[in-house]
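Asks: So that we are looking at the same thing, I have put the structure below in C-alpha cells.
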Amino acid sequence: MATEPGAIGTLVQNLVGNALRYTPDGGRVTVSLAAEATRLTLRVDDQGPGDSAPRA
C-alpha cells in the first residue's frame, strides 16, 4: 500500500486519541497489531459510547 509519508502514524494517533478521549475514567483502551502472511491488522478497542449512527 502506498501512502503519504507519516500517514499511517497520523492514522494511529487519531484512532488511539479518539479512544482515549471517549473512554470513561477507569475504562480500558487496548491496541493490538497482528501480522499475517500478506497483511497487518491494527485494532483499537475501547469502552467509549461508540457510534450508533445508521450506516448506508
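The values are calculated or read from the model by the stated rules, or taken from the named source; none is laboratory data. Predicted model, so just to flag it, every value in this text is computed and none were measured. With ideal geometry, Cβ positions are generated from the backbone for all residues, glycine too; neighbour counts draw on all protein chains shown.
Asks: Assigned to a loop (DSSP other than H, G, I, E, B) and either surrounded by 10 or more Cβ atoms within 10 Å (Cβ to Cβ) or at pLDDT 95 or above (or both): is that true of GLY27 in this structure?
Replies: So GLY27 passes the test.
Asks: Now a separate question. Would you check which residues across the range 32-47 are part of a loop (DSSP other than H, G, I, E, B) and more than 24 Å from TYR22 (Cα to Cα) and list them?
Replies: GLU36, ALA37, THR38, ARG39
Asks: Looking at the range 19-34, which of its residues are small (Gly, Ala, Ser) and closer than 15 Å to GLY50 by Cβ? Explain how you work it out, then say what you get.
Replies: Start the filter on the range 19-34 by keeping residues that are small (Gly, Ala, Ser), which leaves 19, 26-27, 32, 34.
Of everything in the range 19-34, those that are small (Gly, Ala, Ser) and closer than 15 Å to GLY50 by Cβ turn out to be ALA19, GLY27.
Asks: Surrounded by fewer than 10 Cβ atoms within 10 Å (Cβ to Cβ), of a type outside the set (Val, Ile, Thr) and modelled with pLDDT of 95 or more: is that true of SER52 in this structure?
Replies: Numbers: surrounded by fewer than 10 Cβ atoms within 10 Å (Cβ to Cβ): yes; of a type outside the set (Val, Ile, Thr): yes; modelled with pLDDT of 95 or more: no.
For SER52, the condition - surrounded by fewer than 10 Cβ atoms within 10 Å (Cβ to Cβ), of a type outside the set (Val, Ile, Thr) and modelled with pLDDT of 95 or more - is not met.
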